[in-house]
1. Over region 243-304, what is the mean sequence separation of C-alpha contacts under 8 Å (at least six apart), divided by residue count, expressed as relative contact order in percent?
2. Each residue of region 341-347 in order: what ³J(HN,Hα) in whole Hz does its phi give by Karplus 6.51 cos²θ - 1.76 cosθ + 1.60, θ = phi - 60°, with x for Gly and Pro?
3. Tell me which chymotrypsin sites (Phe, Trp or Tyr not before Pro) from region 1-57 have a DSSP coil assignment and no more than 16 other beta carbons within 10 Å of their own.
4. Please list 3J(HN,Hα) in residue order for region 22-27, calculated via the Karplus relation 6.51 cos²θ - 1.76 cosθ + 1.60 where θ = phi - 60°; whole Hz, with x for glycine and proline.
5. Return the long-range amide H neighbours of Trp255 (sequence gap of 5 or more, or a different chain), with a cut-off of under 5 Å between placed amide H atoms.
6. Within region 216-267, list the GluC sites (Glu not before Pro) lying in a DSSP loop whose Cβ has at most 10 other Cβ atoms in a 10 Å radius.
7. Given R₀ = 56 Å, FRET efficiency for Glu90-Thr354 by Cβ-Cβ distance, to 0.05?
8. Provide the per-residue ³J(HN,Hα) series for region 279-286, in order, calculated from phi with Karplus coefficients 6.51, -1.76, 1.60 and θ = phi - 60°, each as a whole number of Hz, with x at glycine and proline positions.
Amino acid sequence: MFALEKYKGINSRFTCPSCGEKRCFVRYIDEVGEYLDDTVGRCNRESKCSYHYTPKQYFTDYPERVEKDELRVKRGRSLRPQKQTLDRSEPISFHSRSEFDPTLGNHFTNPFAQFLFDLFPGDQDYILEVLNRYYVGTYPFEGGQQKIGSAALTCFWQIDILGRIRKGKLMRYDALTGKRRPVFNFQKAGEEVEIPVYWVHRVLQKKGQLPEIVNFQNCFFGEHLLRSNRSLPIGVVEAEKTAIICSLCRPETTWIAVGSKQHLGGEKLHVLRNRKVIFYPDADAYDSWCEKAIEMQRLGIDAYVDSEIENTATIAQKTAGYDLADLLIDQQREINKYNILVSEYNAAVDCGLTPALPPKFEYGKVKAETASLIL
């Protein structure tokens, strides 16, 4: 039996996991006075937030936890796993500011940032603003494995809606193409094995700066942005790179990334309740994300799946996992070609010539005699 905790002073009121307001969230407690999950409760700001996640909804979402909770109540104490083994019911691990802060900035040595600067010439300040908004970091890889190239890694920090630093995802990008490259490779059983993604906590473990048993768990990349701009719809994409590019080109939406199509589910969905959410699947994941959207609607999430890529991608593009970032990159590259024609036209006019006008461009709008997806 669960009930909302009665007021016992400010320590009995918490930060709302939805709106982020402090001292307004009431949590549910059980017969022995213990809290359920830290997302289960009600926000007192009913007119501005209205977040209310009940124990019934929680156990419907996570039926495997009913038995554990019943056993815990019967024993009259918390059911704690042994410290020697990793268990998902263990307290979640978080990164410290000392592990987080040194990675921030240094964008001019970051290949992913360099790619964006070249793709959107003239918009460097806005690109830096978006990278800083998402806390995109730059990380020198020191894992002791064979590195591919000497460029720094891009660190996509996962920060949850309460501002806690969940994970740091390390990826390597080609500054010219914007494509991912392996973080490192090594030989195993006579074959070369490529590692496309690595994690900050793994690096720290190898250095002996973190214990072997930790419980870092995922959240949405960009989840911390959901605390503000609650009137904006939420756009969910698979890749962190896609979220950044969409934020540059379509700022009327708050963009977050799930990190992997298989990770669209679980506890991370709580933050999407009572919000308008539009899912933008990669071309090879449209059907599966439509099925997941139906499940989310049952959880009280106003979920909708966008079909822009599904309707425009070729068979080859769908096979290759073409996504919204690929579409926007292709469009911007065409825009850049158009801008070169505009510059050549203006130069010819300055020389007293009368060249033919560049053809009308089909994407974006004209900005300072040139076009851009960033308006």
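1. Working: 41 pairs, mean separation 19.1, N = 62.
Relative contact order of region 243-304: 31 percent.
2. Each residue's phi maps through the Karplus curve to give 4, 4, 5, 5, 5, 4, 5 Hz.
3. Details: sites: Phe2, Tyr7, Phe14, Phe25, Tyr28, Tyr35, Tyr51, Tyr53; in loops: Phe2, Tyr7, Tyr51.
Those that pass, being in a loop and sparsely packed, are Tyr7.
4. Going residue by residue, I get 7, 6, 10, 9, 9, 9 Hz, with x marking Gly and Pro.
5. Excluding prolines and chain starts, which carry no amide H, the hits are Gly235.
6. Details: sites: Glu223, Glu238, Glu240, Glu252, Glu267; in loops: Glu238, Glu252.
Here the GluC sites (Glu not before Pro) that fit, given the DSSP loop and packing criteria, are Glu252.
7. On the way: r = 74 Å, r/R0 = 1.32.
Using R0 = 56 Å, I get an efficiency of 0.15.
8. Taking θ as phi minus 60°, the curve returns 9, 10, x, 4, 4, 9, 10, 4 Hz for region 279-286.
Rule-based calculations on the coordinates, nothing more; no lab input. Bear in mind the structure is a predicted one, so any value in this text is a computation, not a measurement. Using ideal geometry, Cβ is built from the backbone for each residue, glycine included, and neighbour counts are taken over all protein chains shown.
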